[in-house]
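The values are calculated or read from the model by the stated rules, or taken from the named source; none is laboratory data. Note that the structure is a prediction, hence the values are computed from the model and not measured. Here the Cβ is made from the backbone with ideal geometry for all residues, glycine too, and neighbour counts use every protein chain on show. Please note that ligands, DNA and RNA were not included when accessible areas were found on the heavy atoms of the full protein model with its side chains. Shrake-Rupley method; radii C 1.70, N 1.55, O 1.52, S 1.80 Å.
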Amino acid sequence: MPTYRSASGSSAEDLFIELFSDTFGAEKAGYLYSQYPFSDIYQNSRFADFLIENGGRKVAIEIDDEASHNPKLVSQNKFYDDLLKQNSMIYLGWDVYRWAVRQMQQQPETVKDELRVFLGQHPNFKEIEDYLPTQRGKSLDGSKLELKEHQKQALAALEEMRCSFETIALLYHATGTGKTVTAVMDAKRFGKRTLFLAHTVELVDQATKTFREL
């Protein structure tokens, strides 16, 4: 099981990932987008600590250090800037939830309970659409599909393994680079019934759609 870490290198944000994993399962932490970029209402570049898509809604999660967000301890400009950041998130239509570092350290079970309340006992997390290029609504013809070079190399390697009577392989590529398409094309080439397994219903549904299209 992969171990996820925050993109910022923040130990506080890593602690949140641990609590999130304890609440929903370690594999669900893969849906958390760390340091998600966005623009506020004045088109200033910002980063949300985390963003996750849950049932079609984007949810921003901010981890606060009490000292940096306390109006008695920081300048007025910094305090107002934080408010602008949160208001801009809400303006974008996101749900926004915030937890303090000390709260996560001293009341981890409370934070996990609140996560279940805010995100649901059995949330429907999805890959954020912004991970991938804009998709165009076009049906695909598997017989005419132009594969990318890394997909061709993967298929050739699998074919070579079968010719050598090797029976197990691990193929890995980054998110959004066409692993499912590669699997479908290999199944077509193999020419026999294929069992496709995935660890979430969402991934099974995505694969089903790809198999039907190709």
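Here are the numbers for this structure:
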item	result
222 nm mean residue ellipticity, helices alone, for the chain (DSSP H n ≥ 4; -39,500 (n - 2.57); rounded to 500)	-13000 deg cm²/dmol
Proximal charge balance of Ser10 [Cβ under 10 Å; K/R count +1, D/E count -1]	-3
Overall dimensions of region 175-214 as given by Cα atoms, namely Rg and Dmax in Å	9.9, 27
Nearest-0.05 FRET efficiency for Gln35 and Glu146, computed from C-beta distance (R0 22 Å)	0.05
Potential extension, Val204-Asp22 segment - 0.36 nm per residue separation minus Cα distance	63.2 nm
Rounded percent of accessible protein surface that carbon and sulfur make up, the chain, 1.4 Å probe	51 percent
Cα-based Kirkwood hydrodynamic radius, region 1-64, one decimal, Å	12.4 Å
Separation of the Thr110 and Ala187 label points, Cα + 7 Å toward Cβ, nm	4.8 nm
Spin-label model distance (nm) - Asp95 vs Gln121, 7 Å beyond Cα toward Cβ	1.6 nm
Phi-based couplings in Hz for region 14-19 (Karplus 6.51, -1.76, 1.60; Gly and Pro marked x)	5, 5, 4, 4, 4, 5
Along the chain, longest interval not containing exposed trypsin sites (Lys or Arg not before Pro), exposed being DSSP loop plus at most 10 other Cβ atoms within 10 Å	1-71
Accessible area per residue in Å² at 1.4 Å probe, computed on the chain	65 Å²
